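Note sheet for the following structure.
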Amino acid sequence: MKPSTDERVSTGIPGIDDMLKGGLISGRPYVVSGTTGSGKTILAVQFLHQGVKQGERALLVAIDEPPQEIRENVRALGWDVGKIRILDVHPAAKAYSKRVSVVEVAAQRSVGSLRDAGPSAKTEAMKAASPDVSVQSLQLMLKQELHEIKYSRVVIDSLTSLKKLSESMGDTNSSIMSLLRYLSESGVTSLIITDLPDPTELEPEMFICRGEIRLHKRMVANRIDRCVTIEKLRGSPHDPMPRPMNISDTGISVDSKKKIPKASLRMLQAFTQYGR
Amino acid sequence: MIKDKVKTGVPGLDDMLEGGLIPGRAYVVSGTSGTGKTSLAMQFLLEGARSGERVVYVSIDEPPNEVKQNMGTFGWDIGRIQVFDATPDVMNYDKTPVRDVSTERKVVYFSDIGPEIRQTSDRNPVDMTISTLQEILKQEMRARKYSRIVVDSLTSLRYFYIKTSEENTTLMSFFRLLSDLGVTALLTVQLPEISKPDVEVHVARGDIRLHKWFDGRGLMRGITVEKYRGSSHDNRLRTMKISSVGIDVKTQSPEKREEVSEEEEQPVEGSTDLPDPPPPSDEAPAPPAEPMPVQPNDQSPPAELPPKPVEQHKEGGGI
């Protein structure tokens, strides 16, 4: 029996699958990074959508935006995203009243399908209790959820927000390591969404993750110019070149055969060399 | 002079190191993500295993099953490399006492590693700390004489096992332990894209740094020896390739660019697009942070690399 990296998971974007030489390696955590508006959430929903199309279970952990907003945003793309399940950990307005413990939070958070995402009595009541959301509590929530349903794809949108919410919780580095380890042990292929990393800082998720897909957005000659790079992919060859990316009303598409224009490449070089 | 140097097993790198590494000392392999640190470290262990030495890989970043799968792409026979799984368990955030790791995990051969990730025990996760890791290494070394050890990565060791307040002293003592054990060690260090010198590089006896950057033709890879105590070494940036059989360093590059000063190198085509470079750090900055000359699209030889600001580290012979 030869262990292999042959079992690949399609991202749902053919051009990116080509750049990854087939897709992501099953059961490993990956980072999707980029500035705001670079298309991270769309890419992630496309990844989950690909899963449900193949009959898999897919879970979106929504931290940045409330689920009903995500639903409205992706509905514009005309996808049937109803089968994607969503874990609503969007923090509510703080009530500063009675706090509940982390474990109780895990018992309270509700998972719904993206189709009926909307304010529910249960979530509202629970939010009134204003529990703390943190890396730790998310792991416990996921543990409960994965215990009931066998998911194969999970997206965390976004770890950047989750870390900000966890600031008071002590050893966040170890908690992130633990969360990603938990997802691996559960056999889940996960996408962890983060902001563009600060080039002078080393964030733990960046060196724990088994790969990083980075989305770039810049103004070139009065129009937005998008491209995607594979910054890292453990255990597999991959396309080292930036490739042009397009966001249309059918989602993200990437042309893995085309080179990006010289001017854009030069900006990208400057960009990666001097920081942002 | 030190006669019996330890070969790294990376063609070209041994030339840069004037024969290899000085036995019994700890060295750092540093670089940003995806520069080939783990591959280089594994090649170093493989070289030892091939000549019948006992070698051990301490895995902290990635579970050993994944490391084994990843290295499978090179077609290397890593079965005789021993491995210690020092990856942390999933935490359960309970206050229940955790069991000591030394009763739970042992050093095994890579050939014993299966395709699946080790599952955190249902009962309780085991507690791993820097002191238990040091204890395990000491016991192992006493029982069996290892000649080479890789810790992948020292960065994870710092982030997950060392308290910030005790960081420097703990790291010093870890390096001290390695030299007391008399083992030649390679410790991988992950660098952010713009880095300043950090404590591990000061404490290590040497620093092999891996680089990658874009030029007009695509992704380029390079390697420098930033520091090497007690030995002369190659001061220049050499090109490096990661192929299907491993890492290969090209040391035969023409000398002609040597004379070109940095000022003449600066006003390259398109340089007006570039923002100001970052302030220079204390030590030699990593080449990717320097302005790269924009390459013409023809097949120019790799000698077109910018001359690296030379860090004179010719300490000559031993102490």
Restricting segment B:216-238 to residues that are hydrophobic (A, V, I, L, M, F, W, C) and within 14 Å of chain A (Cβ to nearest Cβ), the residue that is nearest to residue A:264 (Cα to Cα): B:219
- prompt: Quick check: is even one residue across segment A:245-258 of a type in the set (A, V, I, L, M, F, W, C) and within 9 Å of chain B (Cβ to nearest Cβ)?
  reply: no
- line: Over segment A:216-239, the set of residues more than 22 Å from residue A:205 (Cβ to Cβ) and either basic (Lys, Arg) or touching a Gly at 6+ places or on another chain (Cβ under 8 Å) (or both) is A:218, A:223, A:226
query: Do you know which residues across segment B:163-182 are in contact with a helix residue (DSSP H, G or I) (Cβ under 7 Å, 6 or more places away or on another chain) and within 14 Å of chain A (Cβ to nearest Cβ)?
result: B:167
- prompt: Condition test on residue A:220, is it surrounded by fewer than 18 Cβ atoms within 10 Å (Cβ to Cβ), touching a helix residue (DSSP H, G or I) at 6+ places or on another chain (Cβ under 7 Å), in contact (Cβ under 8 Å) with a residue 12 or more places away in the chain and farther than 25 Å from residue B:71 by Cα?
  reply: yes
message: Among the numbered criteria (1) at pLDDT below 90; (2) outside any loop (DSSP other than H, G, I, E, B), which one does residue B:151 miss?
response: (1)
- prompt: Is it true that residue B:160 is in a helix (DSSP H, G or I), under 26 Å from residue B:127 (Cβ atoms) and within 13 Å of chain A (Cβ to nearest Cβ)?
  reply: yes
- request: Taking only segment B:34-78 into account, find how many residues are away from every other protein chain (no Cβ under 14 Å), touching a helix residue (DSSP H, G or I) at 6+ places or on another chain (Cβ under 7 Å) and of a type outside the set (Val, Ile, Thr).
  value: 1
- line: Residues of segment B:177-211 being under 20 Å from residue B:231 (Cα atoms), out of contact with any strand residue (DSSP E or B) (no Cβ under 7 Å at 6 or more places or on another chain) and not in a loop (DSSP other than H, G, I, E, B), in sequence order, are B:202, B:203
- prompt: Among the residues of segment A:141-160, which ones are crowded, with 18+ Cβ neighbours inside 10 Å, within 25 Å of residue A:83 (Cβ to Cβ) and not acidic (Asp, Glu)?
  reply: A:141, A:142, A:146, A:151, A:152, A:153, A:154, A:155, A:156, A:158, A:159
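The values are calculated or read from the model by the stated rules, or taken from the named source; none is laboratory data. The shown structure was predicted, so the numbers you read here are calculated from the model rather than taken from an experiment. Because the Cβ atoms are built from the backbone with ideal geometry, glycine has one as well, and the counts that use them run over all protein chains shown.
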